[in-house]
Amino acid sequence: MFTNLKNKFIGDKAFYSSVFFIALPIAMQASLTAIAQLVDNVMVGRLGGDIVAAVGAANQLFFIVMVTFLGIAGGGQIFISQYKGAKDDLGIKSSFHSMLILLFIFSLFTYSIVNIFSTQLLSFFTTDPEVLKISKHYLRVTSITYIFFGITTAYSTGYRGIGKSNIPMFVSFTTVITNSILNFLFIFGFDFGFISLEPQGYIGAGYATLIARILESAIIVIVSFIVHSNIRTTFFDLFRLKFLYLKAITKKAFPLTINEFFWSLGQTTLFILYSQQIPENVASFTIAFTFINMFFVLMTSTSTAVSIILGNNLGCNEIELAKSNSYKLLGFSFFVSVGSVFFIYASTGLIPILYNVDDTIIHATKNIMTLMAIFFPIYFLTATCFYILRAGGDIRSVLLMDTTFSWTIIIPICFVLRSVLGVDLLISFGIIQALEFGKLLLGFKFISTNRWAKNLT
């Protein structure tokens, strides 16, 4: 029995080499981004709890936008990875063009909506007048980044799909360094003869993020003309797009986008229910999730590698190999996630050193992170299941496992616990995290049906 389990869930050296070849650059890129967010959050955190809460509220809107962008990009990656496996250059290029157009249009749309309805949207997260005022000022600057983030997401996804994950990694390195330096100067100024934006240092953090996002998108586009690949695109190439490819990607991207939007909206709803618009609670969750993102990069990079590897297998019509690799990737995810638990817990000791907030916020943040460490393997395996299903375009199963489960079970129970029964924050948070196990069971069930194992090219 042990031998059978070992053969099913553990791969050979060549298998893990291919996983690390794809996942490592993605992990490094995501780590750099997470480090930049942590540095940004820590610097802002030196300005006080209200500002942490205000920036956290604005960033919740960006979280919804970001995850929705990734849904659109996911539709493109499904086809790019499979066309890469099929060695179809026209399919890769046309799929990339379709994804780029969809992301650019959506980025303009979200920028407009967020600015027109900023007060109404931010009011979901806080009713404190001072926090709301700070948050609106910060959002007015950072919402511009949505447009540039959309372009960068398209190119990063395209490069990963064709096996050039190192390019977006190096681009991220440049922009993270820029963002950190500008944050330091714009928020504090210090003794460099540089004028800080105090007493509104949080605005400096917004401008630092904006400049870094503009630089990031500019570099990744310029690099596409230097490095020969199917991602190289001129303005006129977009007008020669074949409608067949745009239609195919939209057909997969639209439900994925809907799923990601409602999933992120669900996470935001949970954030609201947990925090109940209390600045101290908002600050605690903002700090906790900033730290946890340092470890979620492992989950993101591994899951993206899952999608690319299986997509290439399916595009080559190696259906049985894809099925076999899916279980080995689940085994790999399990061991990585279990190994991360200790490091997540250990990082809670850094909170009082890095943040200038009161003891109540520090204590709550530590407890939230401890609970997330306990359930981290469930998050990790669930994400792997999600990307396995997505690799073959099984969007129906993805919708049932992700959005449907969240909105029919998790969110209603959280509402009852927090708003009806008034259950303690940490107890209700722990109960909701335990419910994530149901998602994982659904994921295992859908994978075992093998409906996802399809060649879409």
Quiz item: Do the conditions hold for Leu298, that is, is it under 20 Å from the mean Cα position of the chain (by Cα), assigned to a helix (DSSP H, G or I), modelled with pLDDT of 85 or more and crowded, with 19+ Cβ neighbours inside 10 Å?
Solution: no
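Residues are listed down the side, and each one gets a yes or a no for (1) within 17 Å of the chain's Cα centre (by Cα); (2) among the β-branched types (Val, Ile, Thr); (3) at pLDDT 85 or above:
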site: Gly45; (1), (2), (3): no, no, no
site: Ile51; (1), (2), (3): no, yes, no
site: Thr68; (1), (2), (3): yes, yes, no
site: Gly71; (1), (2), (3): yes, no, no
site: Leu103; (1), (2), (3): yes, no, yes
site: Gln120; (1), (2), (3): no, no, yes
Exercise. Kindly indicate whether Lys93 is part of a loop (DSSP other than H, G, I, E, B), at pLDDT below 85 and charged (D, E, K, R).
Key: no
Quiz item: Looking at Phe79, Phe63, which one is of a type in the set (Phe, Trp, Tyr), within 26 Å of Ile278 (Cβ to Cβ), touching a Ser or Thr at 6+ places or on another chain (Cβ under 7 Å) and at pLDDT 70 or above?
Solution: Phe63
Quiz item: Is it the case that Ala434 is out of contact with any helix residue (DSSP H, G or I) (no Cβ under 8 Å at 6 or more places or on another chain) and surrounded by fewer than 19 Cβ atoms within 10 Å (Cβ to Cβ)?
Solution: no
Exercise. Considering only residues that are part of a helix (DSSP H, G or I) and over 17 Å from the mean Cα position of the chain (by Cα), look in region 139-158 and name the one that is surrounded by the most Cβ atoms within 10 Å (Cβ to Cβ).
Key: Leu139
Quiz item: Can you find even one residue in region 353-365 that is among the aromatic types (Phe, Trp, Tyr), farther than 30 Å from Lys445 by Cα and open to solvent by 40 Å² or more (accessible area, probe 1.4 Å)?
Solution: no
Quiz item: Which ones in region 332-352 are open to solvent by less than 50 Å² (accessible area, probe 1.4 Å), of a type in the set (A, V, I, L, M, F, W, C) and under 30 Å from Cys385 (Cβ atoms)?
Solution: Phe332, Val336, Val341, Ile344
Quiz item: Condition test on Glu260, is it outside any loop (DSSP other than H, G, I, E, B), open to solvent by 40 Å² or more (accessible area, probe 1.4 Å), over 30 Å from Ser17 (Cα atoms) and charged (D, E, K, R)?
Solution: no
Quiz item: Can Phe190 be described as at pLDDT below 85, aromatic (Phe, Trp, Tyr) and outside any loop (DSSP other than H, G, I, E, B)?
Solution: no
Self-check item: Pair list, Cβ under 6 Å, 6 or more apart: region 63-78 residue closer than 10 Å to Phe254 by Cα, other residue among the small types (Gly, Ala, Ser)
Solution: Ile72/Ala253; Gly75/Ala253
Exercise. May I ask you to list the residues in region 408-431 that are surrounded by 20 or more Cβ atoms within 10 Å (Cβ to Cβ) and of a type in the set (Val, Ile, Thr)?
Key: Ile410
Quiz item: Quick one: how many residues across region 443-455 are open to solvent by 50 Å² or more (accessible area, probe 1.4 Å) and within 25 Å of the chain's Cα centre (by Cα)?
Solution: 2
Practice problem: For region 298-333, name all the residues that are under 29 Å from Phe285 (Cα atoms), without any contact (Cβ under 8 Å) to a residue 60 or more places away in the chain and of a type outside the set (Ser, Thr, Tyr). | Solution: none
Quiz item: How many residues, within region 397-416, are in contact (Cβ under 8 Å) with a residue 40 or more places away in the chain and over 20 Å from Asn312 (Cβ atoms)?
Solution: 12
Quiz item: Of (1) in contact with a Pro (Cβ under 8 Å, 6 or more places away or on another chain); (2) surrounded by fewer than 20 Cβ atoms within 10 Å (Cβ to Cβ), Lys136 satisfies all except one. Which?
Solution: (1)
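The values are calculated or read from the model by the stated rules, or taken from the named source; none is laboratory data. Given the structure is predicted, the values throughout are model-derived calculations rather than measurements. Because the Cβ atoms are built from the backbone with ideal geometry, glycine has one as well, and the counts that use them run over all protein chains shown. Surface accessibility is based on the protein's heavy atoms, side chains included, excluding ligands, DNA and RNA. Shrake-Rupley method; radii C 1.70, N 1.55, O 1.52, S 1.80 Å.
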